[in-house]
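The values are calculated or read from the model by the stated rules, or taken from the named source; none is laboratory data. In this text, all values refer to a predicted model and were calculated from it rather than measured experimentally. Heads up, the Cβs are rebuilt from the backbone with ideal geometry, glycines too, and the neighbour counts pull from every protein chain shown. The accessibility values were calculated without ligands, DNA or RNA, using every heavy atom of the protein model including side chains. Shrake-Rupley method; radii C 1.70, N 1.55, O 1.52, S 1.80 Å.
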Amino acid sequence: MTNETQIEQRLIAKLTGIKYTYREDIRDKATLEANFRVHFQRLNKVNLNDSEFARLRDEIITVDVFTAAKTLRETNTFRRDDDTPLQYTLVNIKDWCKNEFEVINQLRINTENSHHRYDVIILINGVP
């Protein structure tokens with residue numbers, strides 16, 4: 001009989017076999033966000049300060065799947081602290097093979113009201 005851990009490990013092995021990078025170091029919200037920040041800054045050739053990154057993160061996170069899909073597909077605009085606009089993308093649509101694909105597992109997200117553990121998550125440029 002195959003247990004949940006074996007299924008998880010097989011999926012990760014298949015994904016790494018097609019060039020996903022397994023990131024066993026990403027296990028909580030803080031490391032997930034730090035990873036996204038690195039990818040975002042590299043993709044958009046920009047360095048955000050901590051307050052800019054926090055605002056950007058809060059603008060991007062949404063429960064509306066249609067808004068999230070639109071944000072992933074399009075070039076977006078973000079106002080920096082000095083009020084200059086920053087045009088950014090989350091995914092390279094034109095040259096998709098230049099995106100960075102990662103897989104993580106056993107991510108724990110704890111809030112005041114809930115405790116969640118996600119078995120396997122695929123990341124594209126740090127975005128779940």
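Two numbers describe the Cα atoms of the chain: Rg and Dmax, which are 16.0, 59 Å. Pairs spanning more than 24 Å between alpha-carbon atoms, out of Lys14/Lys45; Lys19/Lys94; Lys29/Lys94; Lys45/Lys94: Lys14/Lys45; Lys29/Lys94. The accessible surface of the chain, taken with every protein chain in place and a 1.4 Å probe, is 54 percent carbon and sulfur. Put the Cα centre of segment 1-54 next to the Cα centre of segment 58-128 and the gap is 11 Å. Across the chain, the longest piece that holds none of the trypsin sites (Lys or Arg not before Pro) lying in DSSP loops with up to 10 other C-beta atoms within 10 Å covers 46-93. Near the amide H of Asp28, within less than 5 Å, lie the amide hydrogens of Arg108, all on another chain or at least 5 residues away, with H placed in the peptide plane.
Hey, got a sec? Which GluC sites (Glu not before Pro) in segment 5-92 land in a DSSP loop and have at most 16 other Cβ atoms within 10 Å? Taking segment 5-92 and a limit of 16 other Cβ atoms within 10 Å, the loop GluC sites (Glu not before Pro) found are Glu24, Glu74.
Near Glu100, the amide H atoms lying under 5 Å from its own belong to Asn125; only residues 5 or more places off or on other chains count, and H is placed 1.01 Å from N.
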